[in-house]
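Colleague: My questions all concern the structure below.
The values are calculated or read from the model by the stated rules, or taken from the named source; none is laboratory data. Everything numeric in this text was worked out from a predicted model, so none of it was measured. So basically every Cβ, Gly included, is an ideal-geometry build from the backbone, and we count neighbours across all protein chains shown. Surface areas here come from the heavy atoms of the whole protein model, side chains and all, with no ligands, DNA or RNA. Shrake-Rupley method; radii C 1.70, N 1.55, O 1.52, S 1.80 Å.
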Amino acid sequence: MALLEVKNINVYYGKIHALKDLSLNVDKGEIVTLIGANGAGKSTTLKTLSGILKPRSGSVQLEGDELTRYPAHQIVTRGMIHVPEGRRIFGRLTVQENLEMGAFTVKNEQLNRTNLTKVFDIFPRLKERRKQLGGTLSGGEQQMLAMGRAMMSNPKVLFLDEPSMGLAPVLVDSIFENVRQMHASGMTILLVEQNARIALQVASRGYVLQTGSIALADTAANLQTNEMVRKVYMGEA
Amino acid sequence: MPTKFQRWKERITATDIVMWFIGFALLVFIILGSILTLRAGRYTPVQWFDFVIYGLAQGSIYALVAMGYTLVYGVLRMINFAHSEVFMSGPFTAYYVAAYFYRSSLLESHPVICLIIVFIVSMTISTLIAFLLERIAYRPLRNAPRLIPLITAIGASFTLMYLFRGLYGTGFQAYPVWEIFSGKWALFKGLEIGKIQVFVIFAAALVMVALYLFIQRTRIGKAVRSVSEDKEAASLMGVDIDKTISVTFIIGGAAAGAAGVLYALVFKQVFFMMGFIPGIKAFTAAVLGGIGNIPGAMLGGLLLGLLESIGPALFLDGFNIAAPYQLKDAIAFLVLVLVLIFRPTGLLGERLAVKKA
Ligand SMILES: Nc1ncnc2c1ncn2[C@@H]1O[C@H](COP(=O)(O)OP(=O)(O)O)[C@@H](O)[C@H]1O
Ligand SMILES: [Mg+2]
């Protein structure tokens with residue numbers, strides 16, 4: 001059985017049917033990517049998994065535990081963390097405090113220290129800036145902080161919503177290098193991206209989302225060579 | 001190609017010019033008044049010293065109450081107009097305990113223990129009222145348009161006021177006097193300092209420091225700050241928003257309950273509308289310091305207290321205005337108007353947001 005199993009979820013915004021019978025799964029140790037155009041429902045999917053939105057029907061199970069019945073803040077405790085679109089770090093808290101907020105549900109001090117070391121290994125910049133207010137960081141640094149903060153919750157699965165958004169190409173490469181490092185340190189990641197090219201380079205499997213439903217599911221290698229994916233999502237003629 | 005000046009000119013409206021004119025006139029008035037007062041030399045240095053001490057004592061009470069406004073504004077982006085009744089409910093209830101202590105002579109034999117109990121009772125009641133207020137009146141409106149909780153707050157303010165009027169009556173009740181706070185300590189060269197003022201300043205400072213450390217250093221304090229910034233992101237970190245909002249009302253309520261006893265000790269009376277004026281003053285202080293900003297509320301409170309106590313003599317006496325001290329409320333509200341015109345973000349408010357923009 002997969003670590004995270006999403007089955008036939010239907011999500012509505014009022015009358016708008018945003019996710020239609022969406023199913024996907026993530027195994028332990030994988031990077032799985034969910035690609036799709038702007039407005040396809042990628043963020044909606046992650047918000048539903050992390051409990052900000054409630055599906056009208058369908059199930060979300062982590063190791064067999066049905067999560068749709070919990071409010072968002074209790075889902076964190078059960079091992080899923082969401083790095084939201086636009087980073088959403090706390091600008092008036094210091095970098096250190098932001099990381100402590102990531103560890104809000106972790107009571108084990110020993111574990112917190114280990115995780116903090118891991119975070120600082122991957123993001124040495126955060127260590128240099130730990131006394132600075134989050135709001136004073138650059139866009140790339142804020143993305144690092146958002147990812148580091150999420151790692152502090154000691155998750156079983158980590159959701160990343162468009163880490164490349166609004167970053168210069170050089171920074172995008174370095175952020176994805178960080179994603180690889182996070183994966184190497186043992187994280188299981190569900191990565192949402194509009195930038196299909198780079199997402200498929202780090203992921204092992206991928207789903208293509210089109211107006212709220214899964215259009216394609218395959219290994220990253222196959223998706224990279226798929227005609228439709230190349231045309232529509234990688235901008236090739 | 002418009003010049004910088006032309007573009008600037010386009011953004012300026014007639015209202016702006018009128019506002020600046022009013023502001024400028026007030027500034028001239030204040031400076032002129034101060035010069036005239038100081039030249040006339042009607043007040044001795046000892047009197048100025050007294051003004052400062054009274055102002056600081058009054059200001060620390062405002063600061064404590066302002067903290068409640070600012071904390072709640074932080075997490076809910078609303079002005080809790082019923083906070084003035086949270087401030088009234090504690091000391092008014094504790095009055096009955098104090099009166100009992102007085103009648104039974106316990107107050108005379110064990111003044112400190114009695115005082116502590118009065119504080120505990122007042123803070124408990126204010127905290128409870130604040131907590132229930134949020135649960136009953138505000139929580140169901142969490143996702144309503146912003147005007148609705150604001151109007152509810154005004155309604156809640158009157159409801160509480162008249163609830164306590166019904167409970168305890170319409171009269172002024174004379175708060176028992178603690179002998180330990182009567183009189184003054186002589187300093188040097190004729191300077192004296194009221195014992196009660198010293199107590200108020202120290203007690204308020206103690207509560208403020210405790211509150212500040214709680215917000216800055218503890219896990220729950222960090223949760224409060226993160227909820228103030230971004231509720232959704234906070235819940236994604238595992239923060240229970242409802243619980244955190246309750247905590248915010250609880251600490252605001254406790255501070256108001258403590259402030260209420262200090263107020264009752266200084267003015268030696270309580271009644272059901274006692275929260276109204278200090279409530280608006282504390283709100284003014286919170287706006288002055290920058291609503292949502294905790295150090296701002298402290299600073300705003302102290303500044304407002306000082307302005308109120310020094311202002312009438314300094315700004316108005318020079319013009320030979322009769323009984324300038326009666327105009328202290330006018331000064332406080334003038335401050336509110338001026339802040340809203342010239343620096344709507346307050347002294348310390350939202351500096352980061354400005355930088356981001
Ligand atoms: N809060 C909302 N209210 C109404 N519709 C929304 C809301 N958020 C997103 N939508 C709609 O749902 C669809 C999916 O949005 P989203 O999940 O943000 O897409 P993506 O992240 O793939 O760009 C879009 O059509 C969008 O307009
Ligand atoms: Mg999105």
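Colleague: Any idea of the total accessible area buried by the A-B contact, 1.4 Å probe, rounded to 100 Å²? Walk me through the numbers on the way to the answer.
Modeller: On the way: alone 11030 and 18530 Å², together 27270 Å².
Counting both chains, the buried surface is close to 2300 Å².
Colleague: Taking every residue in B:235-247, how many Cβ atoms of other protein chains lie within 10 Å of its Cβ, on average?
Modeller: On the way: counts 10, 21, 18, 15, 6, 5, 3, 2, 1, 1, 0, 0, 0.
Neighbouring Cβ atoms belonging to other protein chains average 6 per residue here.
Colleague: Could you give me D for segment B:114-233, from Stokes-Einstein at 37 °C and 0.692 mPa s, where the hydrodynamic radius is the Kirkwood radius over C-alpha pairs? Units µm² s⁻¹, please.
Modeller: Details: Rh = 18.6 Å.
Translational diffusion coefficient: 176 µm²/s.
Colleague: Rounded, prolate or oblate, given the Cα gyration tensor of segment B:226-357, with a/c below 1.5 counting as rounded?
Modeller: Numbers: a/c = 3.58, a/b = 1.55, b/c = 2.31.
Cα axes put segment B:226-357 in the oblate bin.
Colleague: Let me ask something else. Per-residue HN-Hα couplings for segment B:144-158, Karplus 6.51 cos²θ - 1.76 cosθ + 1.60 at θ = phi - 60°, whole Hz, x for Gly and Pro?
Modeller: Values, residue by residue: 7, x, 4, 5, 5, x, 5, 5, 4, 4, 5, x, 5, 4, 5 Hz.
Colleague: Can you pull the three principal axis extents for the Cα set of segment B:28-142, in Å, largest first?
Modeller: The principal-axis extents, from largest down, are 55, 48, 15 Å.
Colleague: Another question, then. With no solvent and one equal point scatterer per Cα, compute the Debye intensity ratio I(q)/I(0) for segment A:72-204 at 0.13, 0.14, 0.22 Å⁻¹ and report its log10, rounded to two decimals.
Modeller: -0.48, -0.56, -1.47
Colleague: Another question, then. Using Cα pairs closer than 8 Å and at least 6 residues apart in sequence, work out the relative contact order for chain B, in percent.
Modeller: Values: 532 pairs, mean separation 117.8, N = 357.
Relative CO of chain B lands at 33 percent.
Colleague: Please name which of B:F188, B:G221, A:T114 has its Cα lying farthest along the dipole of the protein assembly as shown towards the positive end, using unit charges on Cβ (Lys, Arg +1; Asp, Glu -1) and the Cα centre as origin.
Modeller: B:F188
Colleague: For peptide A:80-87, compute the average count of partner chain beta-carbon atoms within 10 Å of each residue's beta-carbon.
Modeller: Mean shielding count: 2.
Colleague: Rounded to whole Å, give me the distance from the Cα center of segment A:109-129 to that of segment B:123-192.
Modeller: So the two Cα centres are separated by 45 Å.
Colleague: Would you pull out the residues with amide H under 5 Å of A:I189's amide H, same chain only if 5 or more places away, H placed 1.01 Å from N?
Modeller: Under 5 Å from the amide H of A:I189 lie the amide H atoms of A:E30, A:I31, A:V32, A:L158, each far enough along the sequence or on another chain.
Colleague: What are the ³J(HN,Hα) couplings of segment A:59-66, residue after residue, when phi is run through the Karplus curve with 6.51, -1.76, 1.60 and θ = phi - 60°? Round to Hz, x for glycine and proline.
Modeller: Listing the rounded values in order: 9, 10, 10, 10, 6, x, 8, 6 Hz.
Colleague: Each residue of segment B:166-175 in turn: what ³J(HN,Hα) in whole Hz from Karplus with 6.51, -1.76, 1.60 and θ = phi - 60°, glycine and Pro shown as x?
Modeller: Here the 3J(HN,Hα) series is x, 6, 10, x, 8, x, 6, 10, 7, 5 Hz.
Colleague: Considering only segment A:4-232, what is the antiparallel percent among its DSSP beta bridges, to the nearest 5?
Modeller: If we restrict to bridges inside segment A:4-232, about 55 percent are antiparallel.
Colleague: Specify the inter-centroid distance of segment A:163-205 and segment B:293-342, based on alpha-carbon positions, in whole Å.
Modeller: Their Cα centres are 57 Å away from one another.
Colleague: Hey, another quick one. Across segment A:4-232, what fraction of all alpha-carbon pairs, as a whole percent, falls in each successive 5 Å bin from zero upward?
Modeller: Here the calculated profile for segment A:4-232 is 1, 7, 15, 19, 20, 17, 12, 7, 2, 0.
Colleague: Let me ask you something else. Pull out the extension gain between B:I117 and B:L213, defined as 0.36 nm times the separation in residues minus the alpha carbon to alpha carbon distance; nm, one decimal. Each step should come with its number before you reach the end.
Modeller: Working: separation 96, 0.36 × 96 = 34.56 nm, distance 2.40 nm.
Fully extending the segment from B:I117 to B:L213 adds 32.2 nm.
Colleague: Considering amide H positions built from the backbone, and no H for Pro or chain starts, which residues 5 or more places from A:L209, or on another chain, come under 5 Å of its amide H?
Modeller: The answer is A:I35, A:G36, A:A215.
Colleague: So if each residue of separation counts as 0.36 nm, and I subtract the Cα-Cα distance between A:D27 and A:E227, what length gain in nm does that give? Walk me through the numbers on the way to the answer.
Modeller: Working: separation 200, 0.36 × 200 = 72.00 nm, distance 2.66 nm.
Full-extension gain reported as 69.3 nm.
Colleague: Another question, then. Over the residues of segment B:46-313, compute the C-alpha Rg and express it relative to 2.2 N^0.38 Å.
Modeller: On the way: Rg = 18.6 Å, N = 268, 2.2 N^0.38 = 18.4 Å.
That works out to 1.01 for segment B:46-313.
Colleague: Can you tell me what share of the DSSP beta bridges in the protein assembly as shown is antiparallel? A percent to the nearest 5 is fine. Kindly include the intermediate steps, with their values, before the conclusion.
Modeller: Numbers: 26 of 44 bridges.
Taking every DSSP beta bridge within the protein assembly as shown, about 60 percent pair in antiparallel fashion.
Colleague: Let me ask something additional. What longest range of chain B stays clear of loop-exposed chymotrypsin sites (Phe, Trp or Tyr not before Pro) (DSSP non-H/G/I/E/B, at most 14 other C-beta within 10 angstrom)? Display every interim value, and only then the final one.
Modeller: Working: sites that count: B:F172, B:F188.
So the longest stretch without any such site is B:1-171.
Colleague: Using only C-alpha atoms and all pairs of different ones, pull out the Kirkwood radius for segment A:3-126 in Å with one decimal.
Modeller: Values: mean 1/r = 0.0615 Å⁻¹.
Taking every pair of different Cα atoms in segment A:3-126, averaging 1/r and inverting gives 16.3 Å.
Colleague: Find the centroid of the Cα atoms in segment A:67-96 and in segment B:194-238, then give the distance between the two in whole Å.
Modeller: Each part reduced to its Cα centre gives a spacing of 23 Å.
Colleague: Find the relative contact order for segment B:170-293 and round it to a whole percent, using C-alpha pairs within less than 8 Å whose residues are 6+ positions apart. Let's see the in-between values first.
Modeller: Values: 76 pairs, mean separation 38.3, N = 124.
That works out to 31 percent.
Colleague: Zone of A:N108 (label point 7 Å along Cα→Cβ, backbone N under 14 Å): which residues in segment A:119-160?
Modeller: Taking a point 7 Å out along Cα→Cβ of A:N108, the residues of segment A:119-160 whose backbone N falls under 14 Å are A:152-156.
Colleague: Semi-axes of the equivalent ellipsoid for the protein assembly as shown, please: Cα gyration tensor eigenvalues, times 5, square-rooted, ordered largest first, whole Å.
Modeller: Values: eigenvalues 607, 164, 93 Å².
Listed largest to smallest, the semi-axes of the protein assembly as shown are 55, 29, 22 Å.
Colleague: Can you work out the accessible area per residue across chain A, with the rest of the protein chains kept in place, probe 1.4 Å, in square angstrom? Before the final figure, lay out each step's value.
Modeller: Details: 9930 Å² over 237 residues.
Normalised by residue count, the accessible surface of chain A is 42 Å².
Colleague: Rolling a 1.4 angstrom probe over the protein heavy atoms, how many square angstrom per residue are accessible across segment B:46-313? Write down the numbers at each step before the final one.
Modeller: On the way: 10650 Å² over 268 residues.
Each residue of segment B:46-313 exposes 40 Å² on average to a 1.4 Å probe.
Colleague: Another question, if that's okay. Quick one: putting +1 on the C-beta of Lys and Arg, -1 on the C-beta of Asp and Glu, what dipole do you get for the protein assembly as shown around its Cα centre, in Debye to the nearest 20?
Modeller: Numbers: 57 positive and 39 negative charges, 98 e Å.
Around 460 debye, computed over the protein assembly as shown.
Colleague: How high is the relative contact order of chain A, given as a whole-number percent (alpha carbon pairs under 8 Å, six or more residues apart)? Walk me through the intermediate numbers first.
Modeller: Values: 460 pairs, mean separation 64.4, N = 237.
It comes to 27 percent, rounded to a whole number.
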